[in-house]
1. Only one of (1) crowded, with 18+ Cβ neighbours inside 10 Å; (2) closer than 18 Å to Gly316 by Cβ; (3) within 22 Å of the chain's Cα centre (by Cα) fails for Arg197. Which number is that?
2. Kindly provide the set of residues from segment 443-472 that are among the charged types (D, E, K, R), surrounded by 20 or more Cβ atoms within 10 Å (Cβ to Cβ) and either more than 29 Å from Trp184 (Cβ to Cβ) or out of contact with any strand residue (DSSP E or B) (no Cβ under 9 Å at 6 or more places or on another chain) (or both), ordered by number.
3. For residues that are of a type in the set (Ser, Thr, Tyr) and under 17 Å from the mean Cα position of the chain (by Cα), scanning just segment 83-122, find the one that is farthest from Ser272 (Cα to Cα).
4. Is segment 437-448 home to any residue that is assigned to a helix (DSSP H, G or I), more than 30 Å from Glu370 (Cα to Cα) and not hydroxyl-bearing (Ser, Thr, Tyr)?
5. Just to verify a result, which residue in segment 260-305, among those that are in contact with a Leu (Cβ under 6 Å, 6 or more places away or on another chain) and in a loop (DSSP other than H, G, I, E, B), is nearest to Gly335 (Cα to Cα)?
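The values are calculated or read from the model by the stated rules, or taken from the named source; none is laboratory data. A quick note: this is a predicted structure, and the numbers were derived from the prediction, not measured. All Cβ positions, glycine included, derive from the backbone under ideal geometry; neighbour counts span all protein chains shown.
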Amino acid sequence: MKRTAPPMHLGCVSKFVKNGAIAKFATTLFAWLAVSIVMSGRTMAADTDKVFRAGAFAIDITPKEFPVSSSGSMTHRLAKQAHDPLHARCLVLNDGQTSIALVTCDSCMIPREIYDSAKQIASEATGIATDHILCSATHTHTAVSVGPTFQSLVEEDYIPFLVEQIAEGIIQAHSQLEPAQIGWAIGNNPRQVFNRRWFLRPGVEINDPFDSGTDQVRMNPSENSRSLLQPAGPVDPDVPVLAVQAVDGRPIAMWANYSLHYVGGVPAESLSADYFGEFARQFTKMIVANKHEPLFVAAMTNGTSGDINNVNFFEGRTSQPPFEQIRLVANDLAGSAAVAYQRVQFENWVPLAMRETEIELGVRRPSANEIARAKQLIAESGPGPWNDRRLIYAGETLDLAEYPPTVKAKLQAIRIGDLAIVSSPCETFVETGLSIKRSSPFKPTFTIELANGYNGYLPTPEQHALGGYETWRAKSSYLAVDAESQIRETLLEMLEDLNASRPETTVAQ
């Protein structure tokens with residue numbers, strides 16, 4: 001048996017000080033103890049300095065005047081009122097050294113220039129670096145139109161207000177920073193997500209607006225139809241939940257994520273935050289956080305839902321009155337998030353880190369023959385607006401002819417302790433999100449799409465080959481076929497970079 005020497009106490013050492021060698025040893029020992037005490041004190045002080053702080057604020061971005069142009073349709077649409085308020089929900093986190101801000105806006109899509117302007121204003125007021133601010137859109141199809149898509153008209157007068165409110169929301173969240181705890185958990189809800197791209201039975205005709213006849217799948221086919229064969233892709237039922245609370249346990253904010261395009265069922269003349277806004281209200285009620293000061297902020301961000309919606313094509317669903325399906329979906333998801341919320345293990349402090357990069361992506365511009373065909377169709381029909389799909393896409397073809405050969409896209413990756421979040425400026429297919437989750441060195445990881453700008457749909461190369469609405473060249477789908485692999489690989493490289501900075505993975509020099 002190995003024997004362990006008894007500890008040497010300082011009182012015993014003094015008996016041997018008269019001996020030179022022992023005196024030298026004692027001097028060394030005392031010096032070592034003194035250094036140890038000092039270093040221990042410094043370590044304790046450093047640990048004491050690690051204070052995690054958080055602040056959240058939801059600012060109203062509902063337009064003040066009506067009617068306004070509303071996005072989310074192939075035709076121009078005017079909204080005369082808002083059924084429920086639109087918000088920019090803002091969360092600021094600080095670990096003592098690094099600050100980051102997360103913002104999600106009730107909008108269909110927001111161009112990069114709007115976000116960049118808001119970030120600059122907020123950065124100058126708060127000191128948060130612009131490359132440490134992630135702004136995204138929820139993708140409600142019933143918000144104010146602020147970017148050119150199909151025949152929607154941009155509501156130019158609303159844009160300065162939107163910029164101002166996003167910036168002010170970040171500033172207010174930053175002003176409410178307080179000592180906090182943070183944690184996360186993963187919920188699950190497979191009941192509300194369905195892949196909307198379907199293979200049909202042999203012999204069923206699949207048309208496209210370019211008359212190419214090459215599509216192999218149809219987006220949003222008839223529900224429970226005999227023509228249905230099988231979905232062309234998977235779904236992602238995860239409901240990640242990121243939560244922060246004050247040191248006394250008071251809820252501050254909760255950020256959720258779900259890969260569902262939107263729900264709909266909103267009258268054409270109304271604005272609505274869709275299920276994203278209703279989710280925030282329902283979740284707040286479920287955890288009884290609607291009377292706290294400062295106000296608790298819940299947010300639902302859009303995951304990777306470019307090919308996902310809420311229609312059960314396998315069985316069909318009962319038609320609902322306006323807003324009822326939104327309420328049902330939001331309530332069900334809020335329940336799933338609340339279950340996950342109860343499993344959150346809050347930490348007093350976690351490190352924050354963030355990376356941002358810009359990549360250049362190719363644009364699928366039309367050929368000379370395609371441009372000639374589009375001009376002929378429009379010449380024969382007369383100027384728009386149009387309801388015929390062939391004419392709508394002829395107009396898109398002429399618009400895309402003016403696009404540059406490449407565009408730049410902004411990507412971000414965030415580390416919050418052992419949790420990672422990446423962003424995409426696209427309507428990203430669920431396959432991409434699932435691939436990132438599998439390959440990420442962080443568990444868990446999730447993607448927030450429609451972030452920091454808008455670059456249209458992002459099908460995988462395999463889905464591009466199948467055709468379908470999401471691949472039809474338009475202002476809503478113009479990136480080169482290899483754009484998905486470039487974005488996915490870059491995001492994974494950024495995650496690896498963040499992983500290399502983790503203390504447990506750092507190689508000693």
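1. That leaves (3) as the condition not met.
2. Glu470
3. Looking at the filtered set, the residue picked out is Tyr115.
4. Yes, because at least one residue in segment 437-448 is assigned to a helix (DSSP H, G or I), more than 30 Å from Glu370 (Cα to Cα) and not hydroxyl-bearing (Ser, Thr, Tyr).
5. Selected residue: Ala273.
Results for (1) in contact (Cβ under 8 Å) with a residue 24 or more places away in the chain; (2) in contact with a helix residue (DSSP H, G or I) (Cβ under 9 Å, 6 or more places away or on another chain), shown as yes or no for each residue.
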position	(1), (2)
Gly384	yes, yes
Asp388	no, yes
Pro404	yes, no
Lys408	yes, yes
Ile414	yes, yes
Gly417	yes, no
Ala420	yes, yes
Cys426	yes, yes
Phe429	yes, yes
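Here's the yes/no breakdown for (1) surrounded by fewer than 18 Cβ atoms within 10 Å (Cβ to Cβ); (2) part of a helix (DSSP H, G or I):
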residue: Ile414; (1), (2): no, no
residue: Val422; (1), (2): no, no
residue: Glu484; (1), (2): no, yes
residue: Ile487; (1), (2): no, yes
residue: Glu493; (1), (2): yes, yes
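Per-residue answers, yes or no, for (1) modelled with pLDDT under 95; (2) more than 24 Å from Ala56 (Cβ to Cβ); (3) in contact with an Asp or Glu (Cβ under 8 Å, 6 or more places away or on another chain):
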{"site": "Ile287", "(1), (2), (3)": "no, no, no"}
{"site": "Val297", "(1), (2), (3)": "no, no, no"}
{"site": "Ile308", "(1), (2), (3)": "no, yes, yes"}
{"site": "Glu324", "(1), (2), (3)": "no, yes, no"}
